[in-house]
Amino acid sequence: MIFLFLVLQVGQSLAAEKPSPETEDKPGILERPLMERYVLDELKSLRQDLLLLKNDVTRDLANTQLQTADRSLEYTTDTVNNIFFIITAATSILIIAGWSSLRDVKSKVDELVDSRVRLISQGYEKRLAELEKKLRQRTDQIIQAQEEIALTNNIHSLWMRSGLESTPQSKIKIYDQVLSLNPEDVEALTYKADAALELEEPQWALSLCNKALEISSEYPYAYYQRACAHATLGLDDQAVDDLTKALELSSTYVDEMKEEPSFKSLSENERFLALTSHH
C-alpha cells in the first residue's frame with residue numbers, strides 16, 4: 001500500500017508539472033528518461049525500506065520468543081528450586097523430630113501398623129476362640145441330649161415290655177436291662193425288689209430297697225417295698241417305721257396297705273392299725 005501511495009503521489013506531481021499547450025508538442029530531450037530514473041529510485045528506496053521493516057519485525061519476533069523461552073525456563077527453574085526447598089525443609093523438620101531419614105519413618109509406620117494389626121488379630125482370635133468354645137459346648141449338649149433321648153426311649157420301651165410280662169423272672173430280666181442302661185434307676189431297683197418278694201426272696205428285696213434308698217431317700221415306694229420285706233422277715237417295728245415314712249411322702253398307699261399279703265402279720269399291731277385308721 002505504501003508503494004501504491006508513492007506511485008499516486010508521483011503521478012500527481014507529473015500532472016502538476018504538465019507543460020502548456022504551446023510547449024506540449026516540443027518536449028525536452030532529457031525529460032522522460034529522468035522521470036523514469038526518478039521512479040526507479042523511489043521503487044528501490046521503497047524495497048529497501050520494506051526489507052529493513054521485515055528485518056526489524058523478524059528481529060523483534062525472535063527477541064520476543066527468546067524472552068518467552070527465558071521466562072518459561074526461569075519459571076521452571078524457580079518451581080524446581082521451590083520443590084527442593086520444600087523437600088529440604090520437610091527433611092529438616094523430620095530430623096528435628098527425631099526421624100533421621102525416610103527409612104526411619106517407614107520403619108515407625110510399619111511398627112505402628114503391625115502393632116495395630118496384631119491387636120486386632122488378637123481380638124478376633126479371642127472372639128473366635130470363645131465362639132468355638134461355645135459351639136463345642138453346644139455340640140456336646142446336643143449330643144448328650146440325643147444320647148439321653150435315645151436312652152430314655154430304650155428304657156421306656158423296656159418298661160412297656162415289663163408291663164406285658166407275667167412272671168417275676170421275666171420281669172427281673174427286663175429290670176436288669178434297665179439297670180444296665182441306668183444303674184441308678186431307683187424305680188427299677190424298687191420294682192425288682194417287688195419281683196424278688198414274689199419269688200419269696202425277702203433278703204434280696206431288702207437289699208435292693210436299701211440300695212434304692214441310698215440313691216434317693218425321698219422315693220416313697222422304696223420305703224413301702226422295704227416295709228413288705230421287713231414284715232416278711234418278722235421285723236414288725238421296722239416295717240411300721242417304713243410305712244410311716246412312706247405315708248409321710250405319699251398317702252396313696254393306705255388302701256394297698258390294707259390288702260397287702262405281706263402285712264398280715266401286722267394285723268394286730270397297734271401302730272399299724274393306727275396308720276390305717278388315720279388315713
(request) Give Ile143, Ile155 a once-over and let me know the one that is modelled with pLDDT of 75 or more and closer than 30 Å to Lys192 by Cα. (result) Ile155
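Would a scan of the stretch 149-170 turn up a residue that is part of a helix (DSSP H, G or I), closer than 30 Å to Asp236 by Cα and open to solvent by less than 80 Å² (accessible area, probe 1.4 Å)? Outline the logic, then answer.
First, the residues of the stretch 149-170 that are part of a helix (DSSP H, G or I): 149-164, 168-170.
Retained after the next criterion (residues that are closer than 30 Å to Asp236 by Cα): 168-169.
If we keep only those that are open to solvent by less than 80 Å² (accessible area, probe 1.4 Å) as well, we get 168.
Yes, the stretch 149-170 contains at least one residue that is part of a helix (DSSP H, G or I), closer than 30 Å to Asp236 by Cα and open to solvent by less than 80 Å² (accessible area, probe 1.4 Å).
Taking Lys211 as the residue in question, decide whether it is in a helix (DSSP H, G or I), charged (D, E, K, R) and at pLDDT below 90.
Taking the combined requirement at face value, the residue does not satisfy it.
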(message) Here are the criteria: (1) open to solvent by 90 Å² or more (accessible area, probe 1.4 Å); (2) within 30 Å of Lys171 (Cα to Cα); (3) not β-branched (Val, Ile, Thr). Tell me which single one Leu128 does not satisfy.
(response) (2)
(message) Filter the stretch 184-215 down to the residues that are in contact (Cβ under 8 Å) with a residue 12 or more places away in the chain and among the aromatic types (Phe, Trp, Tyr) and list them by number.
(response) Tyr191
(request) Within the stretch 22-44, identify whether any single residue is over 60 Å from the mean Cα position of the chain (by Cα), open to solvent by less than 100 Å² (accessible area, probe 1.4 Å), of a type in the set (Gly, Ala, Ser) and modelled with pLDDT of 70 or more, and answer yes or no. (result) no
(message) Looking only at the stretch 110-125, filter to residues that are more than 19 Å from the chain's Cα centre (by Cα) and either open to solvent by less than 100 Å² (accessible area, probe 1.4 Å) or of a type in the set (Phe, Trp, Tyr) (or both); which one of those is farthest from Glu187 (Cα to Cα)?
(response) Asp110
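The values are calculated or read from the model by the stated rules, or taken from the named source; none is laboratory data. Predicted model only: the values in this text are computed from it and were never measured. Please note: Cβ atoms are built from the backbone with ideal geometry, for glycine as well, and neighbour counts cover all protein chains shown. Calculation scope for accessible area: heavy atoms of the full protein, side chains included, ligands and nucleic acids excluded. Shrake-Rupley method; radii C 1.70, N 1.55, O 1.52, S 1.80 Å.
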